[in-house]
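Below: one structure, written as structure tokens.
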Amino acid sequence: MSARAMDRLAAPRRVPVGPARVARSPVTLALAVAAFAASVARPAAGQQFPSTPPAPLPIKAAQFPPFGEATLANGVRLLVVTNHRLPTLSMSLAFAAGDRYDPAGKAGLAGMVAGLLTKGAGTRDADAVAAAIEGVGGSIGGGSGPDFLTVSVNLLSENAKLGFDLMADAVIRPTFDPKEVELARTQALSGLQLAQSQPASIASRIFARELYGAHPYAVSPDPASVKAITRDDLVAFQKARLRPSGALLVVAGDITLAQAKALADGAFRGWTGAAPAMTASAAPPQRTSTEIVLVHRPGSVQSNIVAGNLTWPPSNPQAYAAAVANMVLGGGSDARLFLILREQKGWTYGAYSSFTRLKEMGYFTASAEVRTEVTDSSLTEMLAQMRRIGAEPVSAAEFDAAKSALVGRFPLQVETSAQVAGQVSTARLLGLPADYVQTYRQKLAAVTPATALAAAKAGIQPDRALIVVVGDGAKVYDKLKAIAPVRIVTPDGTPLKPEDLTVKAAALDLAMDRLAARTDSFAVYLQGNAFGYQRSTLEKTASGWKYTEDAVLGPIIQQHTEVTFGADLAPIAISQTGKVQGQEAKIDVRYAAGHAKGSATTPAQGGPKTIQVDADVAKGTIDDNMLAPLLSGFRWAAGAKFTVQVFQSGKGTSVPVTLAVDGADVADVPAGKIPSWKVTMTGGEQAVTFWVEQAAPYRVVKMAPTGVPIEMRIVK
């Protein structure tokens, strides 16, 4: 099965009728209703309806429950927000131990520590921790961001002691069970594989790297850094950075300060120490002109655009006015970017902007995902709107609507104990004033059109912006370089030259003696349960090879594929028929003299979509449906890596895919325990992991698409 196929994967209420309801006949009731409607529809003689809405009432202070504060003997700052309306508690314990503290070469360490803290701690293993918290209807988890690592607990207030005890075990006595460590590593690597195939994730990673330069905010995990993390690294990070002095514990809900302090003192007894002082970070680069970084992703039919710049530390007083200006520019579906790029132009499904606060230096971004052919037009319009918001006053109607929306939505963001704890914790960790949450609405209400204009001019800098575009460089490069200077890189950041955008002819070098006629049968599993099958046959023909495949994935996919290719591995024809979620899917493409021609019908929102395939194909390019039967012919070894040019016959585009050996493994499949090379394929529509036999007949014995809970295991 091709990677493309793998990727597709209240009753009416009865109203009782009582005596009051049957006192009138339907006609009498209708007349009464009509008379009432007429009375409210007409003003009394001489009375006029108001032509303008009434003036808004003064903004009232947010009615927060009382805040209580204390510092424990070991240095933990305790903040309690008491609210007895519901018998619930939300607790969060935060440390200056976020991703920026990852050691060199170990990016992802803080995130892995955070995830493992609750996977075995104290005398409980992972299952026992889950049983303890789930047994009382609660939850516990850890997470890390750029600056902070946080452990959170939510449960009923009657179980408060259990919550404090589990939290204390997690941060003081995590076990870092080796089995859980390896599971966390596998999950992290799988997540990275998925992220590397998603344009939005690629754009975000490259934007951070280019924006922050040598600053720690620029660093993102990659497979090498995650593989380099050891259990000793996890233990050392936890012992060094998860220390009580300076940590912030926020408890919100049905509890008093005295109760919370007593429980915290008991749970954290004997825990002492302070984390190492933060070392000075390299200053992010200051741009003096606009620059475009083009991330070449061959075959992309859309471009992901992110444009932005550095702004200011979180305490900057212009943040309130900037929030209002951003609401006008790109804060929602009624903002300028959305209305112009989507509603007026039809270039995208959505375009937005935002300000992001970080402890040391925040940033502004505007973003959109647009069709390839309008990439330059969309970027030009985006930059024009960024200039406009800082150059001309916002109309009264836009300004009032934006400010009212921000002021009005805030109470909805502090309705629950967990929301209150989150807002208060974030404000304190970022060093904002003690009354920040209580006075937020008044500060927003005080913003004027003049202060919004000034904040937009200071915080949104289109003429010094970093722009990242993830898309097909061969189709957008020439138009983008007319907007600003362009640098080209691959999704992993490797620099490219403009001439690298052109596909070059290259013969595919395989160990042909490893290719042999055979029939393979796979069982398909969805979340570990049998879900279908795939049967394939590779046979020798007079002119080369023929590969036939039949696949059934439950009710989702039924597909028959036939692909023929020559003895020189040049594709000859691909015929594919079937249904995907009930929609017709069909490919009929012929190859000749370096050209592919035919048609492809693929499922789409609103019904099947048919395209005409008519494209040049460079020498050495294979049809994407040929990849599976040819994997046996690659010369696999530890560290082996191959790049193959693949023609996606369902899309009519060529893309390079990379096949890399992740290491040796034993594939446990119905056919037995088979020593294999674990091979990851990236660069196509879907990242896929293959297990290829280390010995003859060098079959693919297992396949698993990244991010999809499906596995295919060889039966015989």
Every listed condition ((1) under 26 Å from ALA567 (Cα atoms); (2) surrounded by fewer than 20 Cβ atoms within 10 Å (Cβ to Cβ)) holds for GLY607 save (1)
Which of the residues belonging to segment 669-716 are surrounded by fewer than 20 Cβ atoms within 10 Å (Cβ to Cβ), in a loop (DSSP other than H, G, I, E, B) and on the phi > 0 side of the Ramachandran plot? GLY707
Mind checking which residues of segment 274-309 are over 29 Å from TYR101 (Cβ atoms), touching a Leu at 6+ places or on another chain (Cβ under 7 Å) and outside any strand (DSSP E or B)? none
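So that you can scan it fast, the table gives a plain yes or no per residue for (1) assigned to a loop (DSSP other than H, G, I, E, B); (2) in contact with a Phe, Trp or Tyr (Cβ under 9 Å, 6 or more places away or on another chain); (3) buried (at least 22 other Cβ atoms within 10 Å of the Cβ):
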residue: ALA104; (1), (2), (3): yes, no, no
residue: VAL113; (1), (2), (3): no, yes, yes
residue: ALA132; (1), (2), (3): no, no, no
residue: GLY141; (1), (2), (3): no, no, no
residue: PRO146; (1), (2), (3): yes, yes, no
residue: ASN159; (1), (2), (3): no, no, no
residue: GLY163; (1), (2), (3): no, no, yes
residue: ALA170; (1), (2), (3): no, no, yes
Failed condition for ARG635, given (1) in contact with an Asp or Glu (Cβ under 9 Å, 6 or more places away or on another chain); (2) surrounded by fewer than 17 Cβ atoms within 10 Å (Cβ to Cβ); (3) within 22 Å of GLY554 (Cα to Cα): (3)
Can we say PHE338 is in a helix (DSSP H, G or I), open to solvent by less than 50 Å² (accessible area, probe 1.4 Å), at pLDDT 95 or above and within 22 Å of GLY471 (Cα to Cα)? yes
So GLN385 fits all but one of (1) out of contact with any strand residue (DSSP E or B) (no Cβ under 9 Å at 6 or more places or on another chain); (2) assigned to a helix (DSSP H, G or I); (3) of a type outside the set (Asp, Glu); (4) more than 30 Å from LEU156 (Cβ to Cβ); what number is the exception? (1)
Tally time: how many residues in segment 186-208 are surrounded by fewer than 18 Cβ atoms within 10 Å (Cβ to Cβ) and either within 19 Å of THR658 (Cα to Cα) or not aliphatic (A, V, I, L, M) (or both)? 6
Considering residues of segment 227-282 that are of a type outside the set (A, V, I, L, M) and in contact with a His (Cβ under 6 Å, 6 or more places away or on another chain) only, the residue surrounded by the most Cβ atoms within 10 Å (Cβ to Cβ): ASP254
Would you check if there is a residue in segment 365-378 being β-branched (Val, Ile, Thr), closer than 18 Å to ALA323 by Cβ and in a strand (DSSP E or B)? yes
Please find, within segment 115-130, the residue that is nearest to ALA96 (Cα to Cα) out of those that are of a type outside the set (Gly, Ala, Ser) and in a helix (DSSP H, G or I). LEU116
Considering every residue within segment 420-430, establish whether at least one is outside any helix (DSSP H, G or I), open to solvent by less than 50 Å² (accessible area, probe 1.4 Å) and under 30 Å from LEU156 (Cα atoms). yes
Please enumerate the residues belonging to segment 550-566 that are touching a Lys or Arg at 6+ places or on another chain (Cβ under 9 Å) and open to solvent by 10 Å² or more (accessible area, probe 1.4 Å). ASP550, ILE556, GLN558, GLN559, GLU562, THR564
What number of residues within segment 447-475 are modelled with pLDDT under 95 and assigned to a loop (DSSP other than H, G, I, E, B)? 1
Tally of residues being modelled with pLDDT under 90 and over 21 Å from GLY672 (Cβ atoms) across segment 502-548: 9
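The values are calculated or read from the model by the stated rules, or taken from the named source; none is laboratory data. The structure displayed is predicted, hence computed values, not measured ones. Note: ideal-geometry Cβ built from the backbone for every residue, glycine included; neighbour counts use all protein chains shown. Keep in mind that these areas ignore ligands, DNA and RNA; they rest on the heavy atoms of the full protein, side chains included. Shrake-Rupley method; radii C 1.70, N 1.55, O 1.52, S 1.80 Å.
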